[in-house]
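One structure is given here, and the rest of the page talks about it.
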Amino acid sequence: MLNKIYDSFEKAVEDIRDGARIFIGNFAGPGGTPFYLVQALHKLGVKNLTITANTAGGIGLTLDYADHRILFENHQVKKVIATFPFSTSASNISPAEKQIISGEVELELVPQGTLAERIRAGGAGIAAFYTPTGPGTIVEEGKEKRYFDGRPHLLEYGLKADYALVRAYKADEFCNLVFRGTQRQLIR
């Protein structure tokens, strides 16, 4: 069996290429953010990434740590799939927000529970599913809608990634991970 334990963060991301789809675990703050892996990816300089994360980076409770905001600063992202892409402060606009508004980066806005389920579905080999979340909102635009038991549901597709950057307390050579605290969050 191939040992997937690396002696540096740079070695852990060195196979990532331009155009990769990457899940990044985070939840509005530094606790569960894999910032050393994100920094290594930033240094690698790959471009045209599709990032799936709870946020688009740089919008947490504090902006003094290097979350995936630095990938936007370096213009490495072409698309972001996120639940909470914009800053809570109109005076502190994130690099992602600027690039989304200008059209440089494509945004796919997804409700948080739907995002988690799309990731789970993709991992389980489920191509698509219907959810009652989103009808009558901006999320509905361009999606198939069907009614079940008289309620509208939207068709959502499972999400897959080429890589997932997560922060864990421990890992073994079989890729089993132990999480603690805020590491036990949305994308893991």
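For Arg17 and Thr133, compute 0.36 nm times the residue count separating them, minus their Cα-Cα distance, and round to one decimal in nm. Present the calculation step by step, with values, prior to reporting the outcome.
Working: separation 116, 0.36 × 116 = 41.76 nm, distance 3.40 nm.
Here the answer is 38.4 nm.
Using just the Cα positions, wrap region 12-138 in a convex hull and report its mean projected area in square nanometres, one decimal place. Spell out each step's value before the answer.
Values: hull surface 34.1 nm².
So the mean shadow area of the Cα hull is 8.5 nm².
Projecting the Cα atoms of Phe174, Asn92, Gly125 onto the charge dipole of region 65-188, computed from C-beta unit charges around the Cα centre, puts Phe174 farthest toward the positive end. With respect to the chain, whose longest principal axis is taken over its alpha-carbon atoms, helix 35-44 is tilted by about 80°. Please return the longest stretch of the chain lacking exposed loop sites, where chymotrypsin sites (Phe, Trp or Tyr not before Pro) count only if DSSP places them in a loop and at most 13 other Cβ atoms lie within 10 Å. Longest gap between qualifying sites, sites excluded: 7-168. For His68, the amide hydrogen comes within under 5 Å of the amide hydrogens of Gly58, counting only partners 5 or more places away or on other chains and with H modelled in the peptide plane. Annotated for the chain: lysine pairs at least 8 residues apart or interchain, Cα distance under 19 Å, count 15. The base-10 log of I(q)/I(0) for region 101-188, evaluated at q = 0.17, 0.19 Å⁻¹, reads -0.86, -0.97 [Debye formula, identical scatterers on Cα atoms, solvent excluded].
Could you list His68, His75 in order of exposure, starting from the residue whose Cβ has the fewest other Cβ atoms within 10 Å?
Ranking His68, His75 by Cβ neighbours within 10 Å, fewest first, gives His75, His68.
Every number in this text was worked out from the coordinates using simple rules, so none of it is lab data. In this text the structure is predicted, and so the values were computed from the model without any measurement. Please note: Cβ atoms are built from the backbone with ideal geometry, for glycine as well, and neighbour counts cover all protein chains shown.
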